[in-house]
Amino acid sequence: MLLIGTDEAGYGPNLGPLVIAATAWRLPATAGDTIATGDDGSSRPETDLYARLQAVVSPVSNSLRDDPPRLPIADSKVIHASRDGLGGLERGVFAFAGPTPIVSWRDLWPWFAPRCSPPWECGPFYRGYDAPAPSQVAASDVAVWSRRLSEAMDHVATRCLALRAVTLFPGEFNRRLDEHAGKAEILSTATLGLVRELLDQFQAGEPALVLCDKHGGRAKYLDLLSRTWPEPWIESREETLNASRYRWGRPAERVEIEFRARGEAAFPCALASMTAKYLRERAMEAFNDFWQRRVPGLRPTAGYPQDAQRFRQAVATPLKELAIAEQDFWRRK
């Protein structure tokens, strides 16, 4: 069966991109048997990747100290706040991405977000920038974890098919605001578009389970789902503040999608959260570098509203001198 998890980073800021990421997995066919059960939203043990890979991964941020060490995979806020910081994100993301041609910052974007415009086409802040990737952990460390994970996944007939992202830098984000009801709809539409892309690419005559974090407190997704998948009749199973669940298709190829509060507690969503956060942090790294070279002593920003206002005032003069359009610098919501 196919398992997909999604999450985002950068929903609240005024500066930098909104990044939505998804991870896709292939589990043994028998795991699909559990999809048809649990109308109450009960747990699905056969699709619990923490349980399947417990020998090598953990939702605890300090599990590198275990004996033997286990790779921390959890909500990106937990991993990024740990002592490893960006390195913790890199270790998990690159280990599951497997062998890649990525060696620099400029390689990240076409690999993880191949259908999106790369940053250097989205504003002058990114055009001349480059840096190593990964930047905080050694490639040899990543290789060791990648090998351990590959062996563990082979043992339980599980494959990580893809880590994929959508990046909406301010210009594109603002254009979508003109087309949609608000930023919650932008998030939902982009997320479902990414899910459809992965289903179209990887679902092959098998059931699929899609796990998403709740989008801005929204409880009803049927209209958005019907716009993304206009062909099938979509059944609403549950619509509450805690969970919204839907399904469509024949039993042998049924798709179930769940939007859950604290969705990042599920492994596929946690790794998506880490992927999205990592890409956003690397984008902000370039953004801050651009402005700090022009404004001596400027403190970097994470882009969230209060600090973004401080940053906006500090760069007001060079922003005007460089004739950078407000549309490409500042997200309106």
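Kindly indicate whether any position in region 176-191 is of a type in the set (A, V, I, L, M, F, W, C) and without any contact (Cβ under 8 Å) to a residue 24 or more places away in the chain. Yes, because at least one residue in region 176-191 is of a type in the set (A, V, I, L, M, F, W, C) and without any contact (Cβ under 8 Å) to a residue 24 or more places away in the chain. Is one or more of the residues making up region 266-281 touching a residue at least 60 places away in the same chain (Cβ under 8 Å), among the charged types (D, E, K, R) and buried (at least 23 other Cβ atoms within 10 Å of the Cβ)? Looking through region 266-281, at least one residue is touching a residue at least 60 places away in the same chain (Cβ under 8 Å), among the charged types (D, E, K, R) and buried (at least 23 other Cβ atoms within 10 Å of the Cβ).
Every listed requirement among (1) over 22 Å from residue 187 (Cα atoms); (2) part of a helix (DSSP H, G or I); (3) open to solvent by less than 70 Å² (accessible area, probe 1.4 Å); (4) β-branched (Val, Ile, Thr) is met by residue 324 save one, (2). In summary, residue 107 fulfils each of the numbered conditions (1) over 25 Å from residue 327 (Cβ atoms); (2) touching a strand residue (DSSP E or B) at 6+ places or on another chain (Cβ under 9 Å); (3) surrounded by fewer than 20 Cβ atoms within 10 Å (Cβ to Cβ) with the single exception of condition (2).
Checked against the criterion of being farther than 20 Å from residue 20 by Cα, in contact (Cβ under 8 Å) with a residue 40 or more places away in the chain and more than 24 Å from the chain's Cα centre (by Cα), the candidates 207, 251, 232 yield just one match: 251. Exactly one residue among 149, 161 is open to solvent by less than 10 Å² (accessible area, probe 1.4 Å) and modelled with pLDDT of 95 or more, and that residue is 149. Taken over region 91-120, the criterion of being among the hydrophobic types (A, V, I, L, M, F, W, C), touching a residue at least 40 places away in the same chain (Cβ under 8 Å) and either within 17 Å of residue 139 (Cα to Cα) or in a loop (DSSP other than H, G, I, E, B) (or both) is satisfied by 93, 94, 95, 96, 97, 105, 108, 113, 116. The number of residues in region 168-216 being open to solvent by 10 Å² or more (accessible area, probe 1.4 Å) and among the hydroxyl-bearing types (Ser, Thr, Tyr) comes to 1.
The values are calculated or read from the model by the stated rules, or taken from the named source; none is laboratory data. Please read these numbers as outputs of a predicted model, since none were measured by experiment. Note that we place each Cβ from the backbone using ideal geometry, even for glycine, and neighbour counts take in every protein chain shown. Only protein heavy atoms, including side chains, enter the accessible area calculation; ligands, DNA and RNA are left aside. Shrake-Rupley method; radii C 1.70, N 1.55, O 1.52, S 1.80 Å.
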